[in-house]
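The values are calculated or read from the model by the stated rules, or taken from the named source; none is laboratory data. Keep in mind that this is a model prediction, so the values were computed, not measured. As a convention, Cβ positions derive from the backbone with ideal geometry for all residues, glycine included, and neighbour counts pool all protein chains shown.
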Amino acid sequence: MMKALVTGGGGFLGTRIVGLLQARGDEVTALGRNRYPHHERSQIRTIKADLRDGAAVHKACQGMDIVYHVGALAGVWGKRRDYFGTNVEGTRNVIRACQDAGVPKIVYTSTPSVVFGKDELCGVDESQPYPNRFLTNYAASKAQAERDILAANCQSLATVSLRPHLIWGPGDTQLIPRVIIRAKARRLIRVGDGENLVDITYIDNAADAHLCAGDALGFGSACSGKAYFISQGEPVSLWSWLAELLDGLKLPRVERSASTSTAYRIGAAMEMVYRIFRLQGEPPMTRFVALQLGKAHYFDITAAQRDLGYQPSVSTKEGLTRLVKSLCDEGPDSLEAA
């Protein structure tokens, strides 16, 4: 039995990792900014703490055999100091705490956004370099945090970084609900020619990849000090897949479209307006979102299969069936609340 700490343990991915660890008999602690009644009902030990609080993180890491560092500030828009505070300084707090407490392993949740600049990414592997410039503070902060995690790998602390792409499935409160709410309001616009291939990752597969990495990780192991792309292993045609989802929910299909270059220009203009006038919230379109919606971005997961023993156990088709069923079972009001 392992003693495991999961930062961000109350979030979408963190909750699923906690559940898998508990199911196999590990002693799990979930750390996050809030209380998590669903964990308390399952008798999961929880710690309410901010990753920027070094003392609290240090205390939480005491006695742990492994830390799954999932917690992060996500999003495509926001202040640099907020993203770097949580994602970089928070990660450095986790690293220092593990070093001081003698925790031997960290599995870090990164993102493929750390290698996304402006160009399409078609079947690239982990040799793809970080871009010279990032379009979001989120991606920039996650890239720096990943560098720190991998640089910390040593004989006493083995580290590995996972890059799951576009995690989706039942329980998602971010990606899929935002798509559906826009579709209901007929505000969803297809960007590009609709043929771009994109990698996605079903939630159970993303969580399972973390357990695979934790089990494979150790000083001198094939995965120590390395980063890995995680996905379904087969990209989807983004807009065809979204159309299938909307059809399953009996929602209107996307009727309006814009070229990628037009959406990019609109995103740049909106970003400028939001900065100049210090508007609250997130622009309806940004440069990063335009490129993510209109260009191809999929990855080679051969290394994860070889070094981690990762295999996506839930197919994209089965995952979509489960997602549609869960959304239909929840009723029409659930997504509006999200």
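Quick rundown of the values:
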| item | result |
| --- | --- |
| Number of positions in region 1-40 that are among the charged types (D, E, K, R) and either under 21 Å from G169 (Cβ atoms) or at pLDDT 95 or above (or both) | 5 |
| Considering residues of region 38-51 that are part of a loop (DSSP other than H, G, I, E, B) and under 23 Å from the mean Cα position of the chain (by Cα) only, the residue surrounded by the most Cβ atoms within 10 Å (Cβ to Cβ) | L51 |
| Those residues of region 136-174 which are closer than 14 Å to S224 by Cα and in a helix (DSSP H, G or I), in sequence order | E146, R147, D148, I149, L150, A151 |
| Matching residues, region 52-71, being farther than 16 Å from V18 by Cβ and touching a Ser or Thr at 6+ places or on another chain (Cβ under 7 Å) | R52 |
| Sole residue being under 20 Å from the mean Cα position of the chain (by Cα) and closer than 30 Å to N153 by Cβ, chosen from L211, L242 | L211 |
| Meets criteria (at pLDDT 95 or above, more than 25 Å from the chain's Cα centre (by Cα), closer than 30 Å to R322 by Cβ and hydrophobic (A, V, I, L, M, F, W, C)) for L217 | no |
| Set L308, L279, L293: member being surrounded by 19 or more Cβ atoms within 10 Å (Cβ to Cβ), out of contact with any helix residue (DSSP H, G or I) (no Cβ under 6 Å at 6 or more places or on another chain) and hydrophobic (A, V, I, L, M, F, W, C) | L293 |
| Residue, nearest to H210 (Cα to Cα), within region 52-105, restricted to residues that are over 19 Å from the mean Cα position of the chain (by Cα), outside any loop (DSSP other than H, G, I, E, B) and among the β-branched types (V, I, T) | I66 |
| Residue that is surrounded by the most Cβ atoms within 10 Å (Cβ to Cβ), among those in region 165-201 that are touching a Lys or Arg at 6+ places or on another chain (Cβ under 8 Å) and closer than 15 Å to G319 by Cβ | G169 |
| Qualifying residue in region 4-11 (condition: among the hydroxyl-bearing types (S, T, Y), out of contact with any Asp or Glu (no Cβ under 8 Å at 6 or more places or on another chain) and within 26 Å of S224 (Cβ to Cβ)) | yes |
| Residue check for G123: surrounded by fewer than 24 Cβ atoms within 10 Å (Cβ to Cβ), at positive phi and over 16 Å from the mean Cα position of the chain (by Cα) | yes |
| 2 or more residues modelled with pLDDT of 95 or more and among the aromatic types (F, W, Y): qualifying helices (runs of 4 or more DSSP H) within region 242-338 | 260-276 |
| Residues of region 296-305 satisfying the condition of being surrounded by fewer than 20 Cβ atoms within 10 Å (Cβ to Cβ) and aliphatic (A, V, I, L, M) | A296, A303 |
